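Trainee: Please see the structure below; I have some questions.
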């Protein structure tokens, strides 16, 4: 694993909101074409971590490099160039609710790729809606879609710019087990088809086990355990990780 | 990076610090608008859509209000003028009142309530549901798409709505004058146009542009900086209306002083 190319490198990253210290010196690497699952309790700073990665938040100290570039020191134009390589799937999908599915998909595409013809745009949108299994929703409004459909369209929208890294913020939150399974399969398909590297934020261990190559458990502002599912969970010695595992698998 | 402000330590008391940081944030927001408004790419489609929403969709409410204001103001003024045997001055009085003050003020206050609150709520809900973040991370410019387009639309449409309100209010006034004083439409409008000056029209347009800009920028600012979920959206909509109305009255007063000074020169 160590010989593979690192696409994200995080070193001693710290972030506080007032007196609340969310990240207390985080170290983590993401390798090319791997699915890394970040687990942790609500409010443990998982989403903060990926928001720093796309420049929505800025760290207090430490280093976060994406494709070798220090995100915090990028100028607006450079940051936007980097953002084109990163797809961010939001927890609540964040579909633009005044636009149809087609307009949602078009929005980033027409603003970033100026030379496309109408035919190219339509082909790209239809191809992506096909790949998430929702071609029939093209003219629907987000309010007409179910939670699972919104997640799929949200993922399709992020894929329209051909990102190399996908960041999924709680992709299965609030979904029924069957739809969760479908979203997990979609995440795996996305990696296979588009050759993306992914960070998946979740507190759902079943989801993590299904899609993750490696797990990273964020507890008290630091990664306590990083490794494969088998390395991190079944025989965990740390009580907090153990209780996390027990709660997910034994209680449910 | 709105979150950076959360990390600021209070320099004076929390309230005073909050007031000045709020003022600085608002100033930076206005400054950003003027930086981005002239820079391509331009969101023409969104500007036209917003012009339609703000202009055309406000017409029924503006028409009704303007018409009623014209009739009511005429009927209220008649007894006082009649006392001095000056009822024939009604068209002049109404035209001056409508063009100089009531048209712009009534239109702006209605637009602040209807348009300002809708802009504040719309952008506020986009903010709390991370739609603005989604635009940001897809390397697009949400400020240009949401703020510049809406502020331009209000700045362009409010003056047009004010002209329309003036016309409708004068028509309402004419109906009242015609029914009571038997004045023909030609006579009424000849008196109307004799009473108003070029300065009245220019100051009315200037005020309307200022009011339109205020309604748009305040609605966008409050929405763009809303937080704390759906409660924050409601607060943003409410604050957009209250703040815009407050600023409209202050601007009205300042422009009046300026115009009076010019008139006295």
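Trainee: Hey, got the average number of other protein chain Cβ atoms within 10 angstrom for residues in B:124-134?
Mentor: Counting Cβ atoms of other protein chains within 10 Å of each residue's Cβ and averaging gives 5.
Trainee: Starting from the Cα of residue B:160, step 7 Å toward the Cβ, then list every residue of the stretch B:126-153 with an amide N under 15 Å from that point.
Mentor: Residues B:150-153 qualify, since their backbone N sits under 15 Å from the label point.
Trainee: What FRET efficiency, computed as 1/(1 + (r/R0)^6) with R0 = 51 Å and r the Cβ-Cβ distance, is obtained for residue A:115 and residue B:83, rounded to the nearest 0.05?
Mentor: Numbers: r = 74 Å, r/R0 = 1.45.
Efficiency, rounded to the nearest 0.05: 0.10.
Trainee: Further question: If you average the sequence gap of Cα pairs under 8 Å that are 6 or more apart and divide by the length of chain B, what percent do you get for the contact order?
Mentor: Details: 322 pairs, mean separation 80.5, N = 265.
The value is 30 percent.
Trainee: Across the stretch A:75-187, what fraction of all alpha-carbon pairs, as a whole percent, falls in each successive 5 Å bin from zero upward?
Mentor: Binned Cα distances yield the sequence 2, 12, 23, 24, 20, 11, 5, 2, 0.
Trainee: Further question: Per residue, how big is the convex hull of the stretch B:169-265 when only Cα atoms are used? Give it in Å³.
Mentor: 133
Trainee: Still on this structure, I have one more. Say R0 is 30 Å: what FRET efficiency, to the nearest 0.05, do residue B:227 and residue A:14 get from their beta-carbon distance? Write down the numbers at each step before the final one.
Mentor: Working: r = 23 Å, r/R0 = 0.77.
My answer for the efficiency is 0.85.
Trainee: Can you give the average number of partner chain beta-carbon atoms within 10 Å of each beta-carbon in peptide A:104-111, as a whole number?
Mentor: Values: counts 2, 0, 0, 5, 6, 2, 2, 9.
Taking the mean over all residues of the peptide, I get 3.
Trainee: I would also like to ask the following. Based on the mean of other beta carbon atoms within 10 Å per residue, what is the order of A:13-22, B:234-243, most packed first?
Mentor: Sorting A:13-22, B:234-243 by mean packing, highest first, produces B:234-243, A:13-22.
Trainee: Rounded to the nearest whole Å³, what is the per residue volume of the convex hull around the Cα atoms of the stretch B:54-196?
Mentor: Output value, Cα hull per residue: 101 Å³.
Trainee: Here's a follow-up. Can you give the alpha-carbon Rg of the stretch B:8-84 over 2.2 N^0.38 Å, where N counts its residues? Each step should come with its number before you reach the end.
Mentor: Working: Rg = 23.2 Å, N = 77, 2.2 N^0.38 = 11.5 Å.
Relative to the 2.2 N^0.38 Å estimate, the stretch B:8-84 comes out at 2.03.
Trainee: A further question follows. For the protein assembly as shown, what is the mean residue ellipticity at 222 nm derived from helices alone (per DSSP H run of n ≥ 4: -39500 (n - 2.57); sum divided by total residues; nearest 500 deg cm²/dmol)?
Mentor: Mean residue ellipticity, 222 nm, calculated: -18500 deg cm²/dmol.
Trainee: What is the Å³ per residue value for the convex hull set by the Cα atoms of the stretch B:137-198?
Mentor: 93
Trainee: Continuing with the same structure: Within the stretch A:113-152, list the residues whose amide N lies under 14 Å from a label point set 7 Å along Cα→Cβ of residue A:176.
Mentor: Residues A:146-149 fall inside that zone.
Trainee: More than 32 Å apart: what percent of Cα pairs in chain B qualify?
Mentor: Numbers: 11638 of 34980 pairs.
Summing the P(r) of chain B above 32 Å gives 33 percent of all pairs.
Trainee: Eigenvalues of the Cα gyration tensor times 5, then square-rooted: what semi-axes does that give for chain A, in whole angstrom, largest first? Kindly include the intermediate steps, with their values, before the conclusion.
Mentor: Values: eigenvalues 180, 100, 51 Å².
In descending order the semi-axes read 30, 22, 16 Å.
Trainee: Then there is this: Return the inverse of the average 1/r over all pairs of distinct C-alpha atoms in the stretch A:21-108, which is the Kirkwood hydrodynamic radius, in Å to one decimal.
Mentor: Hydrodynamic radius (Kirkwood, Cα only) of the stretch A:21-108 equals 15.0 Å.
Trainee: List B:221, A:194, A:245 from most exposed to least, where exposure is judged by having the fewest other Cβ atoms within 10 Å.
Mentor: A:194, A:245, B:221
Trainee: If one puts a single equal scatterer on every Cα of the protein assembly as shown and applies the Debye formula without solvent, what log₁₀ I(q)/I(0) results at q = 0.06 Å⁻¹?
Mentor: -0.39
Trainee: Moving on. Which of A:143, B:58, B:149 comes first, and how do the rest follow, when ranked by fewest Cβ neighbours within 10 Å?
Mentor: With the fewest neighbours first, A:143, B:58, B:149 line up as A:143, B:58, B:149.
Trainee: Can you put B:51, A:180, A:207 in order, fewest other beta carbons within 10 Å first?
Mentor: Details: B:51 18, A:180 21, A:207 25.
In increasing order of surrounding Cβ atoms, one gets B:51, A:180, A:207.
Trainee: Quick one: compute the contact order of chain A, relative version, from alpha carbon pairs under 8 angstrom and 6+ residues apart, as a percent.
Mentor: Over chain A, the number comes to 26 percent.
Trainee: For the pair residue B:181 and residue B:193, how long in nm is the line joining their label points, each one 7 Å along Cα→Cβ?
Mentor: The two pseudo-label positions are separated by 1.8 nm.
Trainee: Take the Cα pairs of the stretch A:127-239, get the Kirkwood Rh, then feed it into Stokes-Einstein at 25 °C and 0.890 mPa s and tell me D in µm²/s.
Mentor: D = 160 µm²/s.
Trainee: Turning to a different aspect of this structure: Within 10 Å of each Cβ in peptide A:94-100, how many partner chain Cβ atoms are there on average? Round it to a whole number, please. Mind dumping the intermediate values first?
Mentor: Details: counts 9, 3, 7, 5, 5, 1, 0.
So the per-residue partner count for this stretch is 4.
Trainee: How high is the FRET efficiency between residue B:30 and residue A:238 when r is their beta carbon distance and R₀ equals 45 Å, given to the nearest 0.05? Write out the running numbers ahead of the final one.
Mentor: Details: r = 52 Å, r/R0 = 1.15.
In this case the efficiency is close to 0.30.
Trainee: So for the stretch A:1-148, what are the equivalent ellipsoid semi-axes in whole Å, largest first, each being the square root of 5 times an eigenvalue of the Cα gyration tensor?
Mentor: 32, 19, 16
Trainee: Now for a separate question. For the stretch A:120-226, what does the relative contact order come out to in percent, with C-alpha contacts under 8 Å and a separation of six or more? Kindly include the intermediate steps, with their values, before the conclusion.
Mentor: Details: 93 pairs, mean separation 23.5, N = 107.
Averaging sequence separation for qualifying contacts and normalising by length gives 22 percent for the stretch A:120-226.
A short reminder: the numbers here are calculations on the coordinates, not readings from a lab. In this text, all values refer to a predicted model and were calculated from it rather than measured experimentally. Neighbour counts are summed over all protein chains in view; Cβ atoms, including those assigned to glycine, are modelled from backbone coordinates with ideal geometry.
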